[in-house]
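In what follows, a single structure is set out as structure tokens and then discussed.
The values are calculated or read from the model by the stated rules, or taken from the named source; none is laboratory data. Quantities reported herein were computed from a predicted structural model and do not represent experimental measurements. Cβ placement follows ideal geometry from the backbone for every residue including glycine, while neighbour counts extend to all protein chains displayed.
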Amino acid sequence: MVLQARRRAFLLLIGLLVAVLGVLGWSLSAGSMPVSGADLLTALQGGEGGMEVDIVRNLRLPRAIAALACGGLLALAGALMQVLLRNPLADPYVLGISGGAAVGALGAMLLGLGGFGADVAAFGGALGVTLLVFGLAHGDGSWSQTRLLLTGVIVASGCGAAVALMLSLAPEGKIKGMLFWLMGDASSATYPWPALVILVLGLAAIYPFARELNLLARGETTARALGVRTGRLRALVYGLGALLTAVAVTTVGSVGFVGLIVPHLVRLAIGNDQRLLLPASSLAGAVLLCGADTAARTVVAPIQLPVGVLTALIGVPVFLFLLSRHPK
């Protein structure tokens, strides 16, 4: 039985790796100007070519890498938050991190700052809310999952109110861009490599603690009795989850649903062993967000849809179907 479960998990990881390569190829070749396989190879190998090669290298490749990296970041952060709070409904956005990034980015847009200025403001807002939530939830030196969750929800509500106020005060010419950022937009991700590096480093940093996370998922008392330093582990998980989310929303805007739905889907498929769940969630999140972004710019081209809408439309029916197959 154990051998069969490991074999299924191994096959799933291999399938997800193949899916990542497949969705990357689709993202690079699909669009208003289709790109042939020969031009795609020329672009990836750094050779000289025509307009198709320039489109792949300068427009589609950075956007595809950003979507892959940020999908992995959000899914990994969601898996960590669900272990930390021992709540299957937890995700990076419930702690207000995305709300802080939205306040920072929209504030920068109102001041006329775009591009790098908005990215810096979004990152600062996300990290600022992280410190605020952690500080308020810490209180007298001890904090619980319930206290952290409630603090995050309240701070997120405050950020939502600030976002609504800024949208109501924004000039008419800026509202569309602000709304598009709130619903997710990978088109402005011209330099996605830092997000990819953070994903790899984040997974490498947390993976040695996968066994301890398995024990923490059974309850703090059990984990502590078995020798887990729960305080240090919770601080590491929370800090890393906040960093992953901040980088993701800074790169592609506020894309919801990925951090909530992807760990659920992977857990239904291979169980709750963090040694398998964390890398599988990262790969599945990458596939979901990159596929949704490609569909967002091709389904009704030349009109581009918000990628956050597509992630929900894709994920909800799949999740409900799998849930019906696993009612327990």
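Would you mind stating whether THR221 is polar (S, T, N, Q) and either under 28 Å from THR190 (Cβ atoms) or crowded, with 24+ Cβ neighbours inside 10 Å (or both)?
The answer is no for THR221.
Looking at the stretch 158-182, I want the residues that are within 15 Å of GLY253 (Cβ to Cβ) and touching a residue at least 40 places away in the same chain (Cβ under 8 Å) and have a partner that is aliphatic (A, V, I, L, M) and outside any helix (DSSP H, G or I) with Cβ atoms under 7 Å, at least 6 apart or on another chain. Which pairs are those?
Taking only residues 6 or more apart or on different chains, the pairs are MET178/ALA170.
May I ask you to verify whether ILE14 is under 24 Å from the mean Cα position of the chain (by Cα) and either in a helix (DSSP H, G or I) or of a type in the set (Asp, Glu) (or both)?
yes
Residue by residue through the stretch 36-90, note down the ones that are under 30 Å from THR221 (Cα atoms), assigned to a helix (DSSP H, G or I) and in contact with an Asp or Glu (Cβ under 9 Å, 6 or more places away or on another chain).
Listed by number, the residues that qualify are LEU74, ALA77, GLY78, MET81, GLN82.
Determine which single condition LEU305 fails, assuming it passes every other condition in (1) within 19 Å of PRO88 (Cα to Cα); (2) not in a helix (DSSP H, G or I).
Failed condition: (1).
Among the residues of the stretch 186-245, write down those that are of a type in the set (Gly, Ala, Ser) and either more than 24 Å from the chain's Cα centre (by Cα) or at pLDDT 85 or above (or both).
ALA195, GLY202, ALA204, ALA205, ALA210, GLY219, ALA223, ALA225, GLY227, GLY231
Suppose the filter is assigned to a helix (DSSP H, G or I) and under 13 Å from ALA77 (Cβ atoms); does GLY241 pass it?
For GLY241, the condition - assigned to a helix (DSSP H, G or I) and under 13 Å from ALA77 (Cβ atoms) - is met.
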